[in-house]
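Have a look at the structure below before the remarks.
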Amino acid sequence: MGDEQITTIGGCYACKRTFSFIPASVTTVTVDPETGLPPGMTVLGTSREPTPEALARSVKKPICPDCIDKAKAFLHPPAPQFDTWPRGNPHRD
Ligand SMILES: [Zn+2]
């Protein structure tokens with residue numbers, strides 16, 4: 001198709017590692033530069049309604065693939081084993 005995938009060098013928001021990425025396809029996180037945290041998240045790790053000012057000044061920061069993998073593992077932990085779940089169907093005729 002001739003699509004030029006121009007890579008950029010940047011620092012990962014999560015681990016600060018410098019990595020190259022394609023801006024059009026990189027995963028980003030919105031960060032309020034004043035706090036260094038996503039708008040609405042406090043330094044205590046709790047969340048609250050982000051202020052319009054925080055949203056307005058927020059910028060998107062890239063996340064490196066390693067951190068995405070870690071985040072996925074965090075968000076989607078290995079499913080519990082249901083293999084031993086009883087197979088019987090109580091509503092069977
Ligand atoms: Zn990273």
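Where a number appears in this text, it was derived from the coordinates with a stated rule and is not lab data. Just so you know, these numbers come straight off a predicted model, no measurement behind them. Reconstructed Cβ throughout: ideal geometry from the backbone, glycine too, with neighbour counts over all protein chains shown.
If the chain linking Ala73 and Cys15 were pulled fully straight, counting 0.36 nm for each residue of separation and taking away their Cα-Cα distance, it would gain 19.3 nm. Going from the fewest other Cβ atoms within 10 Å to the most, the residues Ile6, Ile22 appear in the order Ile6, Ile22. Cross-link partners for Lys72 among the lysines, with Cα-Cα distance under 16 Å and sequence neighbours closer than 8 places in the same chain left out, do not exist in this structure.
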